[in-house]
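Okay, structure first, notes after.
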Amino acid sequence: MLQAAEDNGIYIPNLCAIRQRSEPFAACRLCFVEVEGEDMPVTACTKPVTEGMRINTKGGKALRLACTAFELILASHPVDCAHCLKSGSCELQRIAKHLGVKLNTKRFPKVLPELPIDSSSPVFVYDPNKCVLCGRCIWVCQEKLAIGAIGFAYRGFQRRVTTFGDTPFAESDCQHCGECVNVCPVGALVLKLDSG
């Protein structure tokens, strides 16, 4: 359903959707929609389209769920758009505008990670503090490119994207191709200004 909406110019907020992925990751929980005849909203990335289906992308129940999921993401995201290289093209900014939610929401207490920034790659900088755990970079590295330099590690609030053994990117299996940067929807992975 999410792909069908995108193909028809209908925006449904999402962070983790990748069209080429064989199965939806369905981690961000932002793409809730209401389907006529169903009691509860569904995630658009997991719901197949059927003939005659009537969908409401702005129903009250769906928007409440999406707003709550978004505010939970923001609770662990350092909002400093003025100093972020992704400002203006950050998916969080687009989602906030669409949902009518302020980026500096106070609904949930902030639980910000304080992880070291890895600038060892000659091509990009990785700031795990800005990561929204969408899994896009992992998918492109493991599935599309078959490099496997990064993956998820740890659980709960400690969960993060990292290299094997938490080694710096320069000492890992990373090929420094920059494909992870291209799919990152936020400022967690950005190209170095001097890398061209």
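The values are calculated or read from the model by the stated rules, or taken from the named source; none is laboratory data. Worth saying up front: this structure is predicted, and the values here are computed from it rather than measured. Don't worry about glycine lacking a Cβ; one is built from the backbone with ideal geometry, like all the others, and counts go over all protein chains shown.
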Test Lys130 against the stated conditions and say whether it is of a type in the set (Lys, Arg), out of contact with any Lys or Arg (no Cβ under 6 Å at 6 or more places or on another chain) and surrounded by fewer than 17 Cβ atoms within 10 Å (Cβ to Cβ). no
With respect to Pro185, determine if the residue is more than 20 Å from the chain's Cα centre (by Cα) and modelled with pLDDT of 95 or more. no
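Yes or no, residue by residue, for (1) among the charged types (D, E, K, R); (2) at pLDDT below 95; (3) over 16 Å from Cys131 (Cβ atoms); (4) surrounded by 14 or more Cβ atoms within 10 Å (Cβ to Cβ):
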residue	(1), (2), (3), (4)
Val33	no, no, yes, yes
Pro41	no, no, yes, yes
Gly59	no, no, yes, yes
Leu63	no, no, yes, yes
Thr68	no, no, yes, yes
Ala82	no, yes, yes, no
Leu85	no, yes, no, yes
Within the range 135-149, how many residues turn out to be in contact (Cβ under 8 Å) with a residue 40 or more places away in the chain and either farther than 14 Å from Phe25 by Cα or not hydrophobic (A, V, I, L, M, F, W, C) (or both)? 4
For the range 138-170, give me each residue that is buried (at least 16 other Cβ atoms within 10 Å of the Cβ) and not aliphatic (A, V, I, L, M). Trp139, Cys141, Arg160, Thr162, Thr163, Phe169
I'd like to know if the range 88-98 contains one or more residues that are over 30 Å from Ile10 (Cβ atoms) and either modelled with pLDDT of 95 or more or surrounded by 17 or more Cβ atoms within 10 Å (Cβ to Cβ) (or both). no
Which numbered condition trips up Ile18, out of (1) without any contact (Cβ under 8 Å) to a residue 40 or more places away in the chain; (2) under 16 Å from the mean Cα position of the chain (by Cα)? (1)
Would it be correct to say that Ser22 is under 27 Å from Gln175 (Cβ atoms) and either in a helix (DSSP H, G or I) or modelled with pLDDT of 95 or more (or both)? no
From the list Leu15, Leu30, Leu74, pick out the single residue that is outside the structural domain of Cys184 (by TED's automatic domain parsing) and either over 26 Å from Val181 (Cα atoms) or in a helix (DSSP H, G or I) (or both). Leu74
